Every structure is written in C-alpha cells, then in structure tokens.
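Below is one structure; the comments refer to it alone.
The values are calculated or read from the model by the stated rules, or taken from the named source; none is laboratory data. As the structure is a computational prediction, the values presented were derived from the model and not from experiment. Glycine gets a Cβ as well: all are built from the backbone with ideal geometry, and neighbour counts include every protein chain shown.
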Amino acid sequence: MAITDNTFFAGRDGFVWWFGVVEDRNDPLALGRVRARVYGYHTEDKTKLPTIDLPWAVCVQPANSASAGGIGSSPTGPIEGSWVIGFWRDPDFMQEPMVWGTIPGISSASAAPVGQSPHDYSPNQELPIPEVSTSVVIGDGETLEFSTPADATDSTVLVKIDGVVQAAENNPPESENNMEIPPDSYYGSGTRVEADEFGRSRNKTRLAARINEIAPELRPKFVKGVQAFLDDNEDYDCSISYAYRSNAQQQELFRAYKSGGPKAARPGSSWHNYASAIDFVITTIDGKAIWDVELYEGIARDSFAKAGLKNDIANDSGHFYPNEFSKSVDSRLRNGSITLAEYASEKGVA
C-alpha cells in the first residue's frame, strides 16, 4: 500500500483508534506526554520492545484549556499503569499517538512493565534486537501479523496480511513529537544525522535517531565511531540502546539499582544526562545482540578510538564518551554553573 496525497493527510486517512496501558510519564519536554503500550500493535515482551522505545503520546486537552502560554489546565493525568484510549495522528506510520482519555480499572504503577537495555543482561548472553512479531488469525481466516523491524524508528509497526506488508513503503519520518532531547534548544540544534550515513547496517534508522539525541558538537565523533566500526568489522553489525537520558529516566534506573538491579549512576552524574554518551551494542549480521566484554574492549574500542571516543568505565564497556571529557561529570555541569557547550569548548571539542 503506497502513500498517496489523499491517504497521508490528517482527516482523510481513516480513523484508527486504540487502547493501551501507560508505562512512562517522565516526559523530558515536560508537555504531559506519556508512553503507552498499545494493545494489538506493540508486543508485550519488554526485552524486544522496551518502554523507552515506545513513542510519546500527546494527551488531548478540553476546549476550555488553551494548551499554550501556560493558560488552562495541566496536561498531566495518566500515571504508570493507567489504561488509556486514543488514536493515531499518523495511521500510516503509527508514530504519533494521541490520548483522549483514561479507562477506569484496577492497576498500579508496580504492575506497569519497564524495558531494559541489552547491557542489563548477563555476559555472553545473546539477545534478539527486534524483529518483533505477533500473529493472530482473524474471523475470515486471514493471518494478521504485527511486526516491528530491527531498523525501525521507535515502535514503528508494519501490518502484514499473509506475509504481505500493508504499510507505507518509505521509511517513517522522524517526528518532533518523539524527540528524546532535553528541553533546551541547544541540544536540538546543529546538523542532523541521516540514516544512510550508516550504509550496510540494518539498524541505520535507530543509529541516526540515537545520535541525533547527542549534543551537536559531539555528533560527528559518534558518527565517525560507528562508521569506523562498520568498516572495520564486516562480520558484525551494531546498534545504540541509549544516548540522551533525562534526569527522570536516570532516577528510575538508579532506583532500580538500589533495589538490586543493574548498576546505574545518580541523576545528573551520568554523561547520558548531558547528551554526551552512548551505550553501544554489537550485533550479529542477522540482528542478535552480543555481550562479550572482549569484543567491546577490543574491536569496538579500537574503532571508536579513531573518532576520539573511549569506554574506560569498569563493568560498562559498551558506554562510549569523548576522550576529552573526564570520567566523572564536572561539578560545574551538575550545579548548572556551566553549560555543556561551554564545557565542550573548554575541552577543545568544537
């Protein structure tokens, strides 16, 4: 089904509604958005489709709220575990969900599942990076398959009937609605990275999306590092599980760590919080994530060194950040007395 001028147009493209459960309300842009796992479209397996990869859904406001200029009611409402009903603003791509209300039910925040990074698993364990696929047989006997390909942006859903893709043939456009950047225009400025810069990688769209979350001065370093890895290691592919993380997201990871989960830094103490680091994932050619410390401290380190990036933090060998930066975050950044742009300039990163 190819996109035509008539189908890809709000109000003329069919109305596709959905319901799902909220898994995250820590909106880095403070717009009251939520991440909801949509029933029938998103797999329930959080190792295949983590919470952090669900698109942000905008909550619809009543007409007596201006929704601008600080006038009207707060857009907050749903919490983790809330069941919500909504619709796709872009039904061809399903990247821009809108929530128009909540559904009463018995739920709790502790019941809402949370996705994790491939680096949260035990050494040498191979994990699939989506393809995610769920098939059901509908009334007329046709098989309806919902699939999230490995190189999709966020949780792009391709609908297949008997194996035939029923979705737009072109790559889904990046939606500003789903940007994972801090609420600071500086981070969103600069030259944008395009997926085709990562040639043969099956995860090129995800690589570009994650690097576009990095501060503009640093993006060229990470592009060069990933390109060097792909050029140097024809038997492997790669992906990025995390780039920028908000303090709220870091707090959730730190809280999980204090409860016995994987090690995580305090909010404001990770270079991820300043859009200056990535968690790099080595994969097989067919998309399976590999966790082998020797590979990360060997071939990955060698390739990223060509771009001026290092991974010298113990027990976190997929974590790469600039050579010029100190291992711990500068106290001036943590207390807000210096900006990242000023810090990067001070360290000679132009």
Exercise. So which residues in segment 309-350 are farther than 20 Å from Ile290 by Cβ, among the small types (Gly, Ala, Ser), assigned to a loop (DSSP other than H, G, I, E, B) and in contact (Cβ under 8 Å) with a residue 24 or more places away in the chain?
Worked result: Ser328, Gly348, Ala350
For this session: Tell me, please, whether a residue that is of a type in the set (Gly, Ala, Ser) and either farther than 27 Å from Pro50 by Cα or modelled with pLDDT of 90 or more (or both) can be found in segment 282-297.
Result: no
Exercise. Over 18 Å from the mean Cα position of the chain (by Cα), crowded, with 16+ Cβ neighbours inside 10 Å and at pLDDT below 85, is that true of Asp90?
Worked result: yes
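Given the condition under 21 Å from Ser201 (Cα atoms) and among the basic types (Lys, Arg), answer yes or no: does some residue in segment 255-265 qualify? Reasoning before the result, please.
Our first condition is that a residue be under 21 Å from Ser201 (Cα atoms); within segment 255-265, this holds for none.
No, the conditions are met nowhere in segment 255-265.
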Seminar exercise, completed: When Gln251 is run through (1) of a type in the set (S, T, N, Q); (2) closer than 25 Å to Ser328 by Cβ; (3) in contact with a Phe, Trp or Tyr (Cβ under 8 Å, 6 or more places away or on another chain), the failure sits at (3)
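With respect to Arg266, is the statement that it is at pLDDT below 90, among the basic types (Lys, Arg) and not in a loop (DSSP other than H, G, I, E, B) true? Break it down stepwise before answering.
On the way: at pLDDT below 90: yes; among the basic types (Lys, Arg): yes; not in a loop (DSSP other than H, G, I, E, B): no.
No, not satisfied.
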Exercise. Can you name every residue in segment 308-321 that is buried (at least 21 other Cβ atoms within 10 Å of the Cβ) and farther than 20 Å from Asn247 by Cα?
Worked result: Leu309, Ser317, Gly318
For this session: May I ask you to list the residues in segment 237-258 that are touching a residue at least 40 places away in the same chain (Cβ under 8 Å) and of a type in the set (A, V, I, L, M, F, W, C)?
Result: Cys238, Ile240, Ala243, Ala248, Ala256
Exercise. Of the conditions (1) among the small types (Gly, Ala, Ser); (2) surrounded by fewer than 20 Cβ atoms within 10 Å (Cβ to Cβ); (3) in a helix (DSSP H, G or I); (4) in contact (Cβ under 8 Å) with a residue 40 or more places away in the chain, Ala300 fails just one. Which one is it?
Worked result: (2)
For this session: Kindly indicate whether any position in segment 323-333 is closer than 24 Å to Asp231 by Cβ and in the same structural domain as Lys221 (by TED's automatic domain parsing).
Result: yes
Exercise. Pairs, please: C-beta under 6 Å, at least 6 apart or cross-chain, first residue part of a loop (DSSP other than H, G, I, E, B) and in segment 47-62, second at pLDDT 80 or above and of a type in the set (Lys, Arg)?
Worked result: Leu54/Arg35
